[in-house]
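Some notes on the structure that comes next.
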Amino acid sequence: MKIKHLLAALVGGSVLMAGVASAQPFGGSADVAYAEQLWGAMGKAGLLGADGIMSTPYKGQHPHGAVLDTIETELKLGNNRGVLIVKRNYGGEGVSKNSVADDPAKYLKAVTVMYKRKGYDPATKDWFWAKYLADGSLDKNPKGMLLAGKVAKGAPQGCIACHTAAPGGDMVFNHDRYR
């Protein structure tokens, strides 16, 4: 009996199998569309912009930024009501906790988000991941993939790889509330 072989090649983040493209692991059109809706919902909830709710800035670390502020809340998006963790990433010359408190827009470099999306991906505790630039556009990894969805799932580094190491089983470093 002949064994049939399927040719697989990685092309621009999509896996081609027997001529049919499968979904990107992250950053595909559905992930990007959802991330755009999420950004809009965060804005309507008062979590973005000059008048956005802000926590007390604190000393950060790589890869997020020299100074951070984090908000945890619930957010409704479509039919989903889930926990939302918004981490603002600040950096640049002169950045400090005080300078960020005084003028956050001047130092904002990125906004990283974890959003609990029921049934999205049980292996990653149903978190939807996104990293936005300060203007709300999605950031990209060095290979040009947009950072939205199951960001770097199965990779040795990236959002999911790092947060898998969080103690307690909820992929959040500060507590274990979302197991």
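The values are calculated or read from the model by the stated rules, or taken from the named source; none is laboratory data. Since this is a predicted model, take the numbers as computed values, not measurements. When we count neighbours, we look across all protein chains shown, and the Cβ atoms used for this are built from the backbone with ideal geometry, even at glycine.
Things to note:
- Subset of region 60-77 [modelled with pLDDT under 95 and either surrounded by fewer than 16 Cβ atoms within 10 Å (Cβ to Cβ) or in contact with an Asp or Glu (Cβ under 6 Å, 6 or more places away or on another chain) (or both)]: 61, 62, 63
- Residue within region 101-118 that is acidic (Asp, Glu), over 22 Å from residue 138 (Cβ atoms) and either part of a helix (DSSP H, G or I) or in contact with a His (Cβ under 7 Å, 6 or more places away or on another chain) (or both) present: yes
- Answer from 165, 101 - the residue that is surrounded by fewer than 17 Cβ atoms within 10 Å (Cβ to Cβ), at pLDDT 90 or above, more than 24 Å from residue 40 (Cβ to Cβ) and out of contact with any helix residue (DSSP H, G or I) (no Cβ under 9 Å at 6 or more places or on another chain): 101
- Region 41-57: number of residues that are in a helix (DSSP H, G or I) and surrounded by 15 or more Cβ atoms within 10 Å (Cβ to Cβ): 2
- Test: residue in region 19-29 that is in contact with a strand residue (DSSP E or B) (Cβ under 9 Å, 6 or more places away or on another chain), part of a loop (DSSP other than H, G, I, E, B) and at pLDDT 85 or above: yes
- Qualifying positions in region 130-179 - without any contact (Cβ under 8 Å) to a residue 40 or more places away in the chain and acidic (Asp, Glu): 135, 139, 176
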